Each structure stands twice: as C-alpha cells, then as structure tokens.
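**Student:** A single structure is presented below for examination.
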Amino acid sequence: WPRGAIDRFLLARLEREGLTPAPDADRRTLIRRLHFDLIGLPPTNDEVDSFVNDPSPRAYENLVDRLLASPHFGERWGRHWLDLMRYAETYGHEFDYVIPNAFRYRDYIIRALNVDLPYDRFIAEHLAGDLLESPRIDPETGLNESILATGAWWLSQATHAPVDVRLDEAERVDNQIDVMSKAFMGLTVACARCHDHKFDPISQKDFYALAGFLRSSRRQTAFLDPHGQIAQGVAEARTMRDRGQEQLIAALPPASSIERDDIARFLLAAEQVLYGQPKPTDGVDVPARDIVFEDFESGSYSKWNVEGDAFGAAPAVGTLPGQQKITGFEGGHFINSFADRDTARGKLTSQPFTIDRRYIRYLIGGGNHPERVAFNLVVDGRVVRTATGRNNTHLEREHWDVSEFAGKQATLEIVDRESAAWGHITLDTIVFTDEIKPPDLRRPISAVASEYSLSPDHLLRWVSAIKDAAVDDPAHPLHLYKAVVAEAGDTPLDQRVARVVARQRERIAA
C-alpha cells in the first residue's frame, strides 16, 4: 500500500496526521461487504467458502465482476435513483389511488443499470424518450425502453379531486421541474417559481420557460407492442376482414333502388302520420270502432272481481298518501295498488269477453316485478300476454297484438303480489282497437300505409321509433324529409321519393 496514484495522496495526509492505513480485511469480511454494497444481499455459505479458498490473485476482481453482472445489482442501486425520481406505485393523499403501470418504469431503471446504459443516453430517454428517432428496444422483452423512461415525469402525489384545478396543475409542474433540475443539473431551479434565484443565475423567467414546455405536454398511455406481435395480429385481422368483405359482397345480390326507395317511403309516410294534414279519405269513422273496455271513470269495480286489499274499495283518484306524484293517467280515476304504502296485496279479474279487435291498448306504470306485479291477458286458462311497469310514476301507452286469439274468450288480470319497493301497479284506459293511433298522430296509420303501399304494422314501428324526437333537430331522421316534402308540394309520390333519395345521398357525401 498504496496501490494506486490516488492512494499516495491519501497516504501523505495520513502520515501528516500520524496515522497508518487500516489493514486489509479478511476474505470473509470482504465478501460480505461487497455483497451488501453491490447487490444488497448477504452471500451464501457456499459463496463465502468458495471465495475464501480461491487461490487466484484475481479472486477479488472476479468477485466484483460477478456481482456487477448480477441482476440484483440493478435492483440494489436502482433504489437510489427511484428515490430521486420520488418513485411510488400509488398517488398518496386520501384514497391512495394506484398509479397505473408505475412498475414498468421501475423495471426500466433496473434493466438500464444492468446493461450499463451510458449516462447521456439515460438522460435523453428520461427527458424525451418518446421523441427519439431510434428508440432503444430491449432484445429480451421487445419493449420500447426509451419511451418507458418518460414515465418518471408522472410519478408524484396527486389529489383525487382538487378544489383549485389551476393551482393543482401549477403544483405538479413545479414538482416536475424540481425533480428534473435536481436530478440532472444539481440545481434548485424550483426556487425561481416565486423570485429570481438568490444564489444561482436562474431567473423567474427561466422557471416559467421550463413550465411552458411541461404545461404543453400531456400524459398519454403508450402503445407497447413487444416484438411487433400486436401489429402483426392487426395486419392479419385486416387481411381476414378484407377477404371476408370481398366474399360477402360477392355472395349478396346488389342493393336495388327499390330497397332505398322503401326506406324513403317509410320516412315520408311517418312524416305524414306525425305531421301531415288529415285528408277526407283517411276515414274519420275509424276511431268509432274502438271499444273502451274500461277507463275506471265509473268510480267502482262493477266489471271486476276483487281479491285482497291492494286496490282499495274503488279506483284511485290521484296520487295516494306517501307516494311519488303519479302522471300520465286519463280522466279522474285509475288503478293504483299503492295501498298501505305498498304493503297490501290483491288481484282484479275482469268479466269474460270475446277478442274481436287486433290490439289491446292501455296505459301502465308502477313497479317492474314480472309475474308478481303485472297486467295479464288470460286465454284458455293461461297467461298469453303480460306487462309490468318500469319502476316509473308516469303511465306509458303500450299495446298487445292479440290477432292470433281472435274469436276466443278471455279475461284480464291486474295482479299485485309484491310488498317490496315498487311493489305496486298503476293502470288506466283499456281499449280494444284495430288501429294503434295515439292522440298526437295527425293521420291514421292504416290510411297512410295504404296511400304509400306499405305494411301498417311496419309503418307503426317506424312511427313509434321516431315520434318522440324533435323533428326540427338536424339529427332527427325526419328533419331532411320534412323539408323535402315542404318543397315538393303536390309533386307525384315517385318524384318525391327520388328527391328524398338524392338529398340523402348528398347528405351522406357531405
């Protein structure tokens, strides 16, 4: 001793102080020191014995090289860098939310130290790893290592719902500048957030210039594709899709103009049903064929067999005590089984009748408890149609198509067998009809369907699907067609259809 040039300076100072160098540690002590220092783990008994009994003059150097090559070296020394980057896997604060994929940055640091990544490259990847023209790819995992380094920018405490959003952003940017400047510059640049730096030539202008870079960036989840497996799979899926599309086009007949015209006819017909002017040929006597089976305006259950106490002594008049406000019923009376605050049970059974109309229309609301809270049609002793509310206080207009039971005897049941929440039913205005024509329709569906050579049932579906939207809204399917009809005036139907189809094509192209 000394063994190197630097040791000579140390020895000179030791001698001046009247000191001598400490003796060499024995091999058992030396291997433990090297293990804890380089990989943070103690040696095994076998490793100690092997080193103690190694006669090679390079035993020490060989041990150092082995420990530096260990994956534990990156784990041991990576901890110090992770502390500098304030690494954590949660955000802290009240609920301590998890930071998604934080572990990927941790593993990046371990790998970078284990491959002895040059420090200049290490810095470049941290500051702008997502912008490097030639990113570094890990040969084992296939991951883009360079972009993983940028995760360090987003390791910080975060509140779950900041009261002052601008202040919260400023605090995070300040933290990013503080970590970056201390780690890579050895300077406390964050001091210049409030004033020019007191000791270093760093102005407040410098701080906010850096803050501008960070505020113009954003956090984004990177697309990691190890060894290009995902990209290859996407390419294969696109090829399969294109082949399938070609086969599908070849298998299907070409779309005819008739199919397009049918769509235009349905929309034009729906426009007439909802907004058209009634015509003498519409048949004003059609509603007269409706049979109002029960509207409960008699104020009694004279047409019904009553079981239990859910429905009270007579039909309800308005909302019952303790109940949310009921809307949508017609007249002054309706069925409401909210008796005793939803705890009562019961059943109403109508007098028998013969089915001689295509539809049964009704208003219904209340709880959604199929079978237990329901309005039923019973034919030949079994329930063939049933309906419930949707946990709603507003009675909605609904109907059944009962044409398959024409000529048969039937009864109606109003059932409440439920005492849980929403364990009640509201019902009103039961009508037997051949025409589903709500009061807000301008023209009868059957007349318009005949005029446009369409199926009344299909036209009814179109009308039901679009009648509640605002036709003046450009997104409404009839917005375009209403304008065309207004422009067309008395133009023949085939010309109106052609005009609608042409306008729709223009709209799609635009």
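**Student:** What's the tally of Lys pairs in the chain whose alpha-carbon atoms lie under 25 angstrom apart, where the two lysines are 8 or more places apart or on different chains?
**Tutor:** Lysine pairs, 8 or more places apart or on different chains, close enough: 13.
**Student:** Let me ask another. When N counts the residues of the chain, how does its alpha-carbon radius of gyration compare numerically with 2.2 N^0.38 Å, as a ratio? Please list the in-between numbers first.
**Tutor:** On the way: Rg = 41.1 Å, N = 510, 2.2 N^0.38 = 23.5 Å.
The chain yields a ratio of 1.75.
**Student:** Protein chains only, probe 1.4 Å: how do ARG172, ARG238 rank by accessible area, largest first? Don't skip to the answer; put the middle values down first.
**Tutor:** Values: ARG172 80, ARG238 140 Å².
Solvent-accessible surface, decreasing: ARG238, ARG172.
**Student:** Would you kindly find the accessible area of LYS279, with a 1.4 Å probe and non-protein molecules such as ligands, DNA and RNA excluded, rounding to the nearest 10 Å²?
**Tutor:** Spelled out: LYS279, probe radius 1.4 Å, area about 80 Å².
**Student:** Related question: At 7 Å along the Cα-to-beta-carbon direction for both LYS182 and ASP26, put a label point, then send me their distance in nm to one decimal.
**Tutor:** Between LYS182 and ASP26, the label points sit 4.3 nm apart.
**Student:** Consider just the alpha-carbon atoms of region 45-117 and return their Rg together with their Dmax, both in angstrom.
**Tutor:** My reading of the Cα-based Rg and Dmax gives 17.8, 59 Å.
**Student:** So, taking all protein chains as they sit and a 1.4 Å probe, how much accessible area belongs to THR354, in Å² rounded to tens?
**Tutor:** Surface open to solvent at THR354 totals about 70 Å².
**Student:** Follow-up. Out of region 350-407, which trypsin sites (Lys or Arg not before Pro) are coil in DSSP terms and have no more than 14 other C-beta atoms within 10 Å? Working shown, then result.
**Tutor:** Working: sites: ARG357, ARG358, ARG361, ARG372, ARG382, ARG385, ARG390, ARG397; in loops: ARG357, ARG358, ARG372, ARG390.
Loop-located and lightly packed - ARG390.
**Student:** Just going by the charge dipole of the chain, with Lys and Arg at +1 and Asp and Glu at -1 on Cβ, which of TYR275, LEU41, SER302 is farthest out on the positive end?
**Tutor:** LEU41
**Student:** Moving to a separate point now. Suppose R0 equals 25 Å. What FRET efficiency, 1/(1 + (r/R0)^6) with r the Cβ-Cβ distance, do THR327 and ALA421 give to the nearest 0.05?
**Tutor:** Details: r = 20 Å, r/R0 = 0.79.
According to the calculation, E is roughly 0.80.
**Student:** How large, in percent, is the carbon and sulfur part of the accessible surface of the chain at a probe radius of 1.4 Å?
**Tutor:** Numbers: 16250 of 30090 Å².
The nonpolar share, carbon plus sulfur, comes to 54 percent.
**Student:** At 222 nm, what helix-only mean residue ellipticity would the chain give, in deg cm²/dmol to the nearest 500, using -39500 (n - 2.57) for each DSSP H run of four or more? Could the numbers behind the result be given before it?
**Tutor:** Working: 16 runs with 202 residues, N = 510.
About -12500 deg cm²/dmol.
**Student:** Could you calculate the contour length gain from ARG13 to ARG121, that is, 0.36 nm times the residue separation minus the distance between their Cα atoms, to one decimal place in nm? Mind showing how you got there, number by number?
**Tutor:** Numbers: separation 108, 0.36 × 108 = 38.88 nm, distance 3.85 nm.
This chain segment gains 35.0 nm when fully extended.
**Student:** Looking only at GluC sites (Glu not before Pro) in DSSP loops with at most 15 other Cβ atoms within 10 Å, what is the longest site-free stretch of the chain? Before the final figure, lay out each step's value.
**Tutor:** Working: sites that count: GLU17, GLU89, GLU94, GLU133, GLU140, GLU297, GLU330, GLU371.
That would be 141-296.
**Student:** Then there is this: Can you pull the one-decimal nm distance between simple spin-label points at SER453 and SER298, each 7 Å off the Cα toward Cβ?
**Tutor:** Result for the modelled spin labels: 4.9 nm.
**Student:** Accessible area of SER302, 1.4 Å probe, to the nearest 10 Å²?
**Tutor:** 90
**Student:** Find me the longest stretch of the chain that has none of the exposed chymotrypsin sites (Phe, Trp or Tyr not before Pro), where exposed means in a DSSP loop (not H, G, I, E or B) with at most 13 other Cβ atoms within 10 Å.
**Tutor:** Numbers: sites that count: PHE95, TYR97, PHE199, PHE223.
Answer - 224-510.
**Student:** Working with all protein chains in place, sort SER403, SER203 by solvent-accessible area computed with a 1.4 Å probe, largest first.
**Tutor:** Numbers: SER403 55, SER203 35 Å².
Listed by decreasing accessible area, they come as SER403, SER203.
**Student:** How would HIS126, HIS458 rank on accessible area, largest to smallest, probe 1.4 Å? Don't skip to the end; give the middle numbers.
**Tutor:** Working: HIS126 5, HIS458 95 Å².
Ranked from most to least accessible, the order is HIS458, HIS126.
**Student:** In the chain, what percentage of the DSSP-assigned beta bridges are antiparallel, given to the nearest 5? Walk me through the numbers before you get to the answer.
**Tutor:** Values: 46 of 47 bridges.
Here the antiparallel bridges make up roughly 100 percent for the chain.
**Student:** Can you give the relative contact order of the chain as a percent, counting alpha carbon pairs under 8 Å and 6+ residues apart?
**Tutor:** On the way: 718 pairs, mean separation 55.4, N = 510.
Reported as a whole number, the value is 11 percent.
**Student:** Can I ask one more? Taking 7 Å along the Cα-to-C-beta vector as the label spot, tell me the ASN305-GLN204 distance in nanometres, rounded to one decimal.
**Tutor:** So the label points at ASN305 and GLN204 sit 9.0 nm apart.
The values are calculated or read from the model by the stated rules, or taken from the named source; none is laboratory data. What you see is a predicted model, and the numbers here were worked out from it, not measured in a lab. Note: ideal-geometry Cβ built from the backbone for every residue, glycine included; neighbour counts use all protein chains shown. Accessible surface is based on the protein model in full, side chains and every heavy atom, while ligands, DNA and RNA are left aside. Shrake-Rupley method; radii C 1.70, N 1.55, O 1.52, S 1.80 Å.
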